[in-house]
Each structure stands twice: as structure tokens, then as C-alpha cells.
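Everything on this sheet refers to the single structure shown next.
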Amino acid sequence: MNIAVGIYMFVHGFAHIVGFLISWKLINDKDTPYKTTILGGKFDMGDNGIRILGILWLLTGIAFFILSYGVITLSYWWNVYTFFVIGFSLMLSILAIPDTVYGILANILLLLFLWYAPTAGWIS
């Protein structure tokens with residue numbers, strides 16, 4: 001089960017990398033266009049603010065890559081940081097709503113799974 005969770009986290013990390021690439025105008029996607037607003041257009045952060053947010057997307061993606069390795073290898077440290085990274089990912093996803101509704105769902109599913117996995121014996 002740890003391999004499946006690790007792959008899930010790795011793929012989730014790629015979604016965060018997309019957030020970085022869009023905020024830095026490195027890719028142009030018609031489904032998620034470049035914009036400088038957050039919270040459904042309520043606040044305009046400007047180009048520099050969105051780039052800073054993009055760096056947070058990148059760092060969170062890298063954190064998910066590292067955590068995916070940790071959960072696959074069942075390293076002693078993976079579960080210490082996972083809930084923090086999921087919480088941070090959830091916060092970023094809420095800021096970028098409505099484009100990140102699926103990311104919010106992915107975070108909640110991962111959070112619920114990891115909350116109950118140790119008691120069910122799915123992951124040590």
C-alpha cells in the first residue's frame with residue numbers, strides 16, 4: 001500500500017509544479033490560464049505576488065516528491081512532515097480556487113487516508 005500512496009503523492013507533486021509553471025508564465029494552458037488573482041478573483045496579487053506564490057507551489061511539489069520517496073521506503077521521517085505538507089498544499093489550493101477544486105479533493109482524500117491508514121494497518 002505504501003507504494004500506491006507514494007505514487008499518488010508523486011503525481012500530486014506534479015500538479016504543484018504546474019502551478020509554478022503557470023505562475024511564472026513558463027507554460028500556457030487554456031484550462032488554467034495565467035492570472036494574478038487569488039480566492040476566485042477577489043484579491044489581485046500582481047505579477048510579483050503570483051510569482052512568489054508560484055515558488056510556494058514549486059516548493060510544495062518538491063516536498064511531495066521527497067515525501068513520496070519517504071513513504072515508499074517507509075523511512076522513519078515521512079509521516080512527521082506529511083500532514084504539514086498536505087495542510088500547506090490545501091492552503092495553496094484554497095487560494096487558487098476555483099481552478100484547484102480537484103487539488104482540494106486530492107488533499108482531503110490523502111489526508112483522510114493517512115489519518116486512518118496506521119490504525120487499519122495499511123501503512124506502518
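Summary table
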quantity: Failed criterion for F65 (all others in (1) touching a residue at least 24 places away in the same chain (Cβ under 8 Å); (2) over 12 Å from the mean Cα position of the chain (by Cα); (3) more than 25 Å from L39 (Cβ to Cβ); (4) surrounded by fewer than 22 Cβ atoms within 10 Å (Cβ to Cβ) hold); calculated: (2)
quantity: Qualifying residue in region 69-81 (condition: farther than 29 Å from V5 by Cβ and in a helix (DSSP H, G or I)); calculated: no
quantity: Qualifying residue in region 39-53 (condition: closer than 30 Å to Y116 by Cα, of a type in the set (A, V, I, L, M), in contact with a helix residue (DSSP H, G or I) (Cβ under 7 Å, 6 or more places away or on another chain) and part of a helix (DSSP H, G or I)); calculated: no
quantity: Region 90-124, residues that are farther than 21 Å from I55 by Cβ, in a helix (DSSP H, G or I) and among the β-branched types (V, I, T); calculated: V101, I108, T119
quantity: Sole exception among (1) over 30 Å from G121 (Cβ atoms); (2) part of a helix (DSSP H, G or I); (3) out of contact with any His (no Cβ under 9 Å at 6 or more places or on another chain) for L26, by number; calculated: (2)
quantity: Pick from region 76-124, criterion of a type in the set (S, T, N, Q) and either surrounded by 14 or more Cβ atoms within 10 Å (Cβ to Cβ) or under 17 Å from L59 (Cα atoms) (or both), ranking: modelled with the lowest pLDDT; calculated: N79
quantity: Selection count, region 5-58, where residues are of a type in the set (A, V, I, L, M) and either within 11 Å of A96 (Cα to Cα) or exposed (fewer than 15 other Cβ atoms within 10 Å of the Cβ) (or both); calculated: 10
quantity: Failed item in (1) over 15 Å from the mean Cα position of the chain (by Cα); (2) closer than 18 Å to F113 by Cβ, with T82 passing the rest; calculated: (1)
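The values are calculated or read from the model by the stated rules, or taken from the named source; none is laboratory data. What you see is a predicted model; the values in this text were computed from it and never measured. No Cβ is skipped: glycine too gets one built from the backbone with ideal geometry, and neighbour counts run over all protein chains shown.
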